[in-house]
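Visitor: A single structure is presented below for examination.
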Amino acid sequence: MAQAFFGGVHPNDMKAATNEKAIEQLAAPAEVVIPMSMHIGAPCKPIVAVGDKVKIGQRIGEPGGFVSAPIHASVSGTVKAVEPRPFSMGGKMMSVVIENDFQNTISEEVKPVEDPDSLTPEQLVEIVKNAGIVGQGGATFPTHVKISSGLGKVDYVIINAAECEPYITGDHRTMLERPEQVIKGATLLAKCFNVDKVYIGIEANKQNAADVLNKTIAELKAPVVVEVLHTRYPQGAEKQLVQAVSGRQVPSGKLPADAGCCIFNLNTTCAIYRAVYTGMPVVSKIVTVSGSGVIEPKNVECPIGTPISNLFDACGGLKEETYKLIMGGPMMGLAQHSFDVSVGKGTGAMLAFAGKEEQYVEDPQCIRCGKCVGVCPIRLEPVFMYKYLMKGNWEFWRDELHGMDCIECGACTYTCPARLPLTHAFRLGKQQVNNARMAAKAKADAEKAAAEKKEA
């Protein structure tokens, strides 16, 4: 058993509804709506126009910078619109709408690597970049940037298969049904980083998946080791996973690479495998559709850009009393305001709630029990963080209470008997800090421009 990290909670995993259900291929919809931002970083620029014919795997969005990833057509057909559409992160996002011709024509750009064993690290980075691979656990950080920044610095590569959020079982099913993709993808990363072993972190409640992976590792004689981890949320958070598997600690304000580690989501690893061995970029996503509002919960694989309404339809629809939709897990996911949003590269689950999952308090009052401090995996003090944010003192929150270190895991909110909206407050605090930073930068740029104009 691997090491434990500080804090954390043990919510009911709620995985029984789908953890024994095989991944179903969802019928492609009549049209897909593909947003031009499915990654951290600048949005992509559409490179197709209304009326253009496109094929599966064809590039339709050009990266907007280094920290960006190209976007590809997930179905073949005709571009119906290039316009802002409802976005899962709120508001609208420029999107490419493709009318499906149901011919499933593959683009000529999709070509497997002839000799995967001969790939250099630089060649693998280029393949990953061209395939539009991002962190598919939800963070959506461009994978080619992560690999590039870690080369020569990293001696510990970890595959995140913890899947610690309640309800979500897509990674679990992937390990059971596609173990060869997982292990061969991990082997590519081992060669890329020139490490002796790649470690796969799996929670103990998925022992059957660990057994399947160990069998595949033995068959392929792969340089991969499965580490069975304690079942505790947020085991899958990067800093906690680094500590649990390697025993190292990521310094405050730093990244896993600063501790010599690099973390890749399980399905990101499979995407690397597909990009190399089949040439196919990221055009589909495995999504767990579950929750008390879903009539028949399932794990489905669907084209990127599939409207979330199609997912629920494939699961028998929603119960009448359904009151909330969440994209992602219940701890860190985002509530959705519309059925018109579509599946992106980081969509791991669509949950619908019709029961008593949420219990709000109209005027919550802290009872100073300290439970939030005891469960924070970053060793922060949520009770004081919340107090200072409510007073509007975000500078003290940032500088003295280290609020920007919060990973927004929701453990404090989950354990709070007073039902304080702690995580929500900390997200708003981060936004205030970022707004102040951007305002200061804009002011400095304006002053610099004025000075240059005066000198001229």
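The values are calculated or read from the model by the stated rules, or taken from the named source; none is laboratory data. As the structure is a prediction and not an experimental result, all values here were calculated from the model. Virtual Cβ from ideal backbone geometry, glycine too; neighbours counted across all protein chains shown. SASA here: full protein model, heavy atoms, side chains in, ligands and nucleic acids out. Shrake-Rupley method; radii C 1.70, N 1.55, O 1.52, S 1.80 Å.
Visitor: So, residue 282, is that one closer than 21 Å to residue 174 by Cβ, assigned to a loop (DSSP other than H, G, I, E, B) and either in contact with a helix residue (DSSP H, G or I) (Cβ under 7 Å, 6 or more places away or on another chain) or open to solvent by less than 30 Å² (accessible area, probe 1.4 Å) (or both) or not?
Guide: When the stated conditions are applied, residue 282 passes them.
Visitor: Only one of these conditions is not met by residue 116: (1) at pLDDT below 95; (2) within 20 Å of residue 266 (Cα to Cα); (3) in contact with a Gly (Cβ under 8 Å, 6 or more places away or on another chain). Which number is it?
Guide: Every condition holds for residue 116 apart from (3).
Visitor: Ok, one more. Being of a type outside the set (Val, Ile, Thr) and in contact with a Phe, Trp or Tyr (Cβ under 6 Å, 6 or more places away or on another chain) is the filter; apply it to the stretch 105-155 and report the residue that is farthest from residue 186 (Cα to Cα).
Guide: Applying the filter and picking the extreme gives 112.
Visitor: Just the residues that are under 17 Å from residue 17 (Cβ atoms) and not in a loop (DSSP other than H, G, I, E, B), please, taken from the stretch 325-372.
Guide: Hits for the stretch 325-372 are 325, 326, 349, 350, 351, 352, 353.
Visitor: For the stretch 10-50, enumerate the residues that are at pLDDT below 95 and among the β-branched types (Val, Ile, Thr).
Guide: Selection gives 40 alone.
Visitor: Could we say that residue 398 is closer than 25 Å to residue 238 by Cβ, assigned to a loop (DSSP other than H, G, I, E, B) and either touching a Ser or Thr at 6+ places or on another chain (Cβ under 7 Å) or of a type outside the set (Ser, Thr, Tyr) (or both) here?
Guide: Spelling it out, it is not the case that residue 398 is closer than 25 Å to residue 238 by Cβ, assigned to a loop (DSSP other than H, G, I, E, B) and either touching a Ser or Thr at 6+ places or on another chain (Cβ under 7 Å) or of a type outside the set (Ser, Thr, Tyr) (or both).
Visitor: Scan the stretch 388-403 for residues that are surrounded by fewer than 17 Cβ atoms within 10 Å (Cβ to Cβ) and farther than 22 Å from residue 241 by Cα and report the count.
Guide: 8
Visitor: Kindly indicate the residue of the stretch 313-324 that is touching a residue at least 12 places away in the same chain (Cβ under 8 Å) and not in a loop (DSSP other than H, G, I, E, B) and also surrounded by the most Cβ atoms within 10 Å (Cβ to Cβ) among those meeting that condition.
Guide: 318
Visitor: Please go through the stretch 160-186 and give me each residue that is open to solvent by 10 Å² or more (accessible area, probe 1.4 Å), assigned to a helix (DSSP H, G or I) and in contact with a strand residue (DSSP E or B) (Cβ under 7 Å, 6 or more places away or on another chain), ordered by number.
Guide: Those that are open to solvent by 10 Å² or more (accessible area, probe 1.4 Å), assigned to a helix (DSSP H, G or I) and in contact with a strand residue (DSSP E or B) (Cβ under 7 Å, 6 or more places away or on another chain): 173, 177.
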